[in-house]
Amino acid sequence: MITFTLGRCRVELHFGFAAAAGLLLLADRSGVCISGALAALFHETGHLLCMKALGVPAVCVRLGVFGMEILEEKRSGKSYFADVLIALAGPLANMAAFLLLLPWQLLAPSAPVFRLLAVNALLAAFHLLPVAPLDGGQALYAALCRRLPVSTAEKLTNAVSFLPLLPLGILGFLVLLRSRYNFTLLLVSAYLMLLMLLKKGRYY
């Protein structure tokens, strides 16, 4: 693991992240991985800018095998409404990038811009799903905590998380059976389920 600091924020770069990113970039001949990396950068920048605007310090940015995780100061004193805003800031950043790039693509169509448009749209839609490990699930949990006890909000969020996961998993299995090679959707479902298990009880 490589560790360095940016201001007061510690950045942890784990070997698994570097290895996975390197393999994907080397194997990518279509440019999709580069577009994905840029969209992910927009996404996480949205979270960080929103945290800075709300006065919530980020103490650590962790780049691991399961993606990027932003850890904040435990005694930041922020409200659940601030949690909702921070959670939604990532998808909103992707939507903003999509809207900024759309006129460019319409006026001067190009494959790289189209890929970036598509990836930003997909990343925003993906993270808005009400699944606990994703931003939509985090926003749902924080919104419920404003009205309900934390334990009740956690149980409801976990229950709601299975609503999109179940049909997503079934659809992914059917796609795999039909195509005999396309396991992408099934892999995404399994990935989200694994994240739910790994982050069980961990929200903010």
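What to note about this one:
- Applying the criterion of being hydroxyl-bearing (Ser, Thr, Tyr) and farther than 18 Å from Leu128 by Cα to the residues of the range 148-167, the residue that is surrounded by the fewest Cβ atoms within 10 Å (Cβ to Cβ) is Ser151.
- Residue in the range 147-165 that is in a helix (DSSP H, G or I), closer than 16 Å to Met51 by Cα, touching a residue at least 12 places away in the same chain (Cβ under 8 Å) and in contact with a Gly (Cβ under 6 Å, 6 or more places away or on another chain) present: no
- Screening the candidates Leu192, Leu116, Leu123, Leu128 for the property of being free of Cβ contacts under 8 Å to residues at least 60 places away in the same chain and not small (Gly, Ala, Ser) yields one hit, Leu128.
- In a residue-by-residue description of the range 92-111, the property of being in a helix (DSSP H, G or I), closer than 23 Å to Leu144 by Cα and within 15 Å of the chain's Cα centre (by Cα) applies to at least one position.
- Residue within the range 131-142 that is in a loop (DSSP other than H, G, I, E, B), closer than 28 Å to Gly46 by Cβ and small (Gly, Ala, Ser) present: yes
- Scan of the range 1-32 for residues that are modelled with pLDDT of 75 or more and either closer than 30 Å to Ser110 by Cα or touching a Lys or Arg at 6+ places or on another chain (Cβ under 7 Å) (or both), ordered by number: Thr3
The values are calculated or read from the model by the stated rules, or taken from the named source; none is laboratory data. Keep in mind it's a predicted model, so treat the numbers as computed, not measured. FYI the Cβ positions are ideal-geometry reconstructions off the backbone, even for glycines, and counts take in every protein chain you see.
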